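Below you'll find the structure, written out as structure tokens, and then a few comments.
The values are calculated or read from the model by the stated rules, or taken from the named source; none is laboratory data. Since the model is a prediction, treat every value here as computed from it, not as a measurement. Please note: Cβ atoms are built from the backbone with ideal geometry, for glycine as well, and neighbour counts cover all protein chains shown. Ligands, DNA and RNA are stripped out before the accessible areas are found, and what is left, the full protein with its side chains, is counted by its heavy atoms. Shrake-Rupley method; radii C 1.70, N 1.55, O 1.52, S 1.80 Å.
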Amino acid sequence: MTAFSRGPDRTEHLILPGVLTAEQADRTVAAIAAIQRPDGAIPWFDGGHLDPWDHVEAAMALDAGDEHERAEAAYRWLADHQNPDGSWYAAYSYAEGHDGEPTNRARETNFCAYIAVGIWHHYLATGDDTFLEHMWPVIHSAVEFVLELRLPGGEIAWKRDDDGTYPPEALLTGSSSIYQALRCALAIAEHREDPQPDWELATGSLGHAVQYHPERFLDKDRYSMDWYYPVLGGALRGPAAKERIEASWDRFVVPGLGVRCVLPNPWVTGGESAELALALWAMGESDRAVQILADIQHLRSDEDGMYWTGYVFDDDAVWPRERTSWTAAALLLAVAALGGDEATTAVFGGERLPVGLAPDAAGCCQA
């Protein structure tokens with residue numbers, strides 16, 4: 001697969017003083033492209049495994065870097081590997097001797113929904129109506145699979161096992177990500193003038209659950225993703241978002257190093273840090289977002305422009321010893337949002353994304 005030709009001014013939004021120069025941005029985009037397989041797959045690293053959510057995130061970063069042909073190839077991989085029920089498996093292997101064989105046959109709902117975010121981002125970056133139409137059946141089937149796992153309170157069960165059963169349990173991070181995905185799916189449906197009233201109801205109910213009913217989700221308060229994802233996914237904005245972020249800032253943010261992945265571990269991770277930066281940007285706090293991105297530049301490798309997954313600061317040690325496509329992708333998307341990239345600001349800012357239909361809140365003390 002050849003690289004897509006980029007014009008000299010097409011990636012100015014990936015230049016951010018103190019974080020990325022133009023040359024550094026180009027190296028990081030090229031490094032993600034180098035990991036991509038001939039079939040379009042983007043595993044975590046060369047010889048690593050692939051999961052559908054991180055695969056989409058890497059494809060979005062390629063679009064932000066003007067590698068639109070490569071991003072399209074990544075989405076075609078999803079179309080080619082979609083299960084008959086609209087899902088994808090949780091993991092596929094690209095280790096030596098493997099060529100995308102499933103290694104985890106659970107089907108995680110947030111993994112399956114995220115294609116809607118990626119495809120809407122791709123359309124906004126390219127204006128390619130033909131490809132959007134080609135992918136619509138894939139998106140429709142994926143959303144229908146996800147909504148089959150709705151629970152009574154509007155939240156979404158986090159996975160379906162290979163035997164068809166699923167635990168009646170939802171994750172706040174996963175459901176927050178699904179909320180963003182459903183809004184992008186509705187945007188695609190509106191663009192096609194193809195109303196999806198069931199999706200509108202599901203989106204409104206899910207957003208209500210994330211905003212007002214934390215008791216409906218498994219307790220994962222130790223994980224930073226559960227802290228910022230209701231903001232990143234767009235369910236919380238304004239004062240509610242500000243209050244949530246301030247409440248746990250000192251628990252998770254390590255000044256000068258980044259964001260902890262999980263408490264109490266002395267481990268900061270690039271992916272969580274870049275995602276928090278995106279959430280801060282969405283709240284209107286760009287200065288703090290830039291500072292977080294600057295703080296994690298100690299994870300950048302001069303060898304290839306990729307980023308180490310994490311750093312154990314008590315031991316002064318990089319861990320694990322891997323530089324992942326999704327860590328680099330998260331950073332590029334955060335920089336693209338701060339740089340005003342139209343497609344990236346649209347899917348993460350969310351001002352023009354449909355919000356669905358809110359449920360009848362009679363009797364809900366916090367509605």
Q | Top-ranked residue in segment 261-278 [being assigned to a loop (DSSP other than H, G, I, E, B) and over 19 Å from the mean Cα position of the chain (by Cα); ranked as surrounded by the most Cβ atoms within 10 Å (Cβ to Cβ)] | A | LEU263
**Q.** Residues within segment 306-335 that are in contact with a Leu (Cβ under 6 Å, 6 or more places away or on another chain) and crowded, with 24+ Cβ neighbours inside 10 Å, tallied
**A.** 3
Q | Test: residue in segment 240-252 that is open to solvent by 20 Å² or more (accessible area, probe 1.4 Å) and in contact (Cβ under 8 Å) with a residue 60 or more places away in the chain | A | no
(Q) Considering only residues that are of a type in the set (S, T, N, Q) and closer than 12 Å to ALA343 by Cβ, which ones fall in segment 54-82? (A) none
**Q.** helices (runs of 4 or more DSSP H) lying entirely in segment 1-117 (those with 2 or more residues that are of a type in the set (Lys, Arg) and surrounded by 22 or more Cβ atoms within 10 Å (Cβ to Cβ))
**A.** none
Q | ALA189 being under 24 Å from TRP77 (Cβ atoms), assigned to a helix (DSSP H, G or I), aliphatic (A, V, I, L, M) and free of Cβ contacts under 8 Å to residues at least 40 places away in the same chain | A | yes
Q.
Can you tell me which condition THR130 does not meet? The list is (1) crowded, with 24+ Cβ neighbours inside 10 Å; (2) over 30 Å from ALA170 (Cβ atoms), and all the others hold.
A. (1)
Q. Only one of these conditions is not met by ASP219: (1) under 30 Å from PRO266 (Cα atoms); (2) in a helix (DSSP H, G or I); (3) open to solvent by 10 Å² or more (accessible area, probe 1.4 Å). Which number is it?
A. (2)
Q | Evaluation of LEU124 against (1) touching a strand residue (DSSP E or B) at 6+ places or on another chain (Cβ under 7 Å); (2) open to solvent by 20 Å² or more (accessible area, probe 1.4 Å); (3) in contact (Cβ under 8 Å) with a residue 24 or more places away in the chain (one fails), failing number | A | (1)
Q: Quick one: in segment 279-335, of everything that is in a loop (DSSP other than H, G, I, E, B) and hydroxyl-bearing (Ser, Thr, Tyr), which residue is nearest to GLY47 (Cα to Cα)?
A: THR324
Q: Show the residue pairs that are 6+ apart or on different chains and have beta-carbon atoms under 8 Å apart, the first residue being within segment 79-97 and under 14 Å from ARG37 (Cα atoms), the second being in a strand (DSSP E or B) and of a type in the set (A, V, I, L, M).
A: TYR92/LEU50; SER93/LEU50; TYR94/LEU50
Q: Answer yes or no: is there a residue in segment 255-274 that is closer than 19 Å to PRO214 by Cβ and among the hydrophobic types (A, V, I, L, M, F, W, C).
A: yes
Q: Please list, ordered by first then second residue, the pairs with beta carbon atoms under 8 Å, 6 or more apart or interchain, first in segment 311-330 and in contact (Cβ under 8 Å) with a residue 60 or more places away in the chain and under 30 Å from LEU62 (Cβ atoms), second open to solvent by 50 Å² or more (accessible area, probe 1.4 Å) and not polar (S, T, N, Q).
A: GLU322/TRP44; GLU322/PHE45; ARG323/PHE45; THR324/TRP44; THR324/PHE45; SER325/TRP44; SER325/PHE45; TRP326/TRP44
Q: Return the residue satisfying two criteria in turn: it lies in segment 287-310 and is of a type in the set (Ser, Thr, Tyr) and touching a helix residue (DSSP H, G or I) at 6+ places or on another chain (Cβ under 6 Å), and of such residues it is nearest to GLY18 (Cα to Cα).
A: TYR307
